[in-house]
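Here is the structure we will look at, set down as structure tokens.
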Amino acid sequence: MKRYLSYFFIGSSILLFLFTFFSSRSGERLEVLEMQRAAQENERDEILGRVNELKTTLIGMEENPRVLERLAREELLLARDNEQIVLFEAP
């Protein structure tokens, strides 16, 4: 009986040590994971905002030819045959 009792105390001590060791690290790990989740949510919100901007631009190009022409002139530097493009550099 004494032998089983000593095994019980040794096993309990090992379990207590393991629980204490891993539970203290799990709190730190949880904080790291929460910070990563917050960063990913911020990144997701930025990406969703950009997607909405692109959807608005796409709808504008499909519905209004002036929007399409403005984007072609500003982003692609396209011009008509009788026009010249003059680019100014910032000082």
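Coordinate-derived values only; no laboratory data. Treat the numbers as computed from the prediction; the structure is a model and nothing was measured. Glycine gets a Cβ as well: all are built from the backbone with ideal geometry, and neighbour counts include every protein chain shown.
Let me confirm something: among Leu68, Leu58, which residue is free of Cβ contacts under 8 Å to residues at least 40 places away in the same chain, under 30 Å from Leu87 (Cα atoms) and under 27 Å from the mean Cα position of the chain (by Cα)?
None of the other options fit; the residue is Leu58.
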- Those residues of region 66-91 that are over 25 Å from Leu54 (Cβ atoms) and either surrounded by 10 or more Cβ atoms within 10 Å (Cβ to Cβ) or of a type in the set (D, E, K, R) (or both) come to a total of 4
- Message: Checking the conditions here, which among Leu15, Leu78, Leu30, Leu48 is without any contact (Cβ under 8 Å) to a residue 40 or more places away in the chain, in contact with a helix residue (DSSP H, G or I) (Cβ under 8 Å, 6 or more places away or on another chain) and of a type outside the set (Phe, Trp, Tyr)?
- Response: Leu78
- Item | For Val67: the one exception among (1) in a loop (DSSP other than H, G, I, E, B); (2) in contact with a helix residue (DSSP H, G or I) (Cβ under 8 Å, 6 or more places away or on another chain); (3) of a type in the set (Val, Ile, Thr) | (1)
- Item | Failed criterion for Glu53 (all others in (1) in a helix (DSSP H, G or I); (2) more than 35 Å from the chain's Cα centre (by Cα); (3) of a type outside the set (Gly, Ala, Ser) hold) | (2)
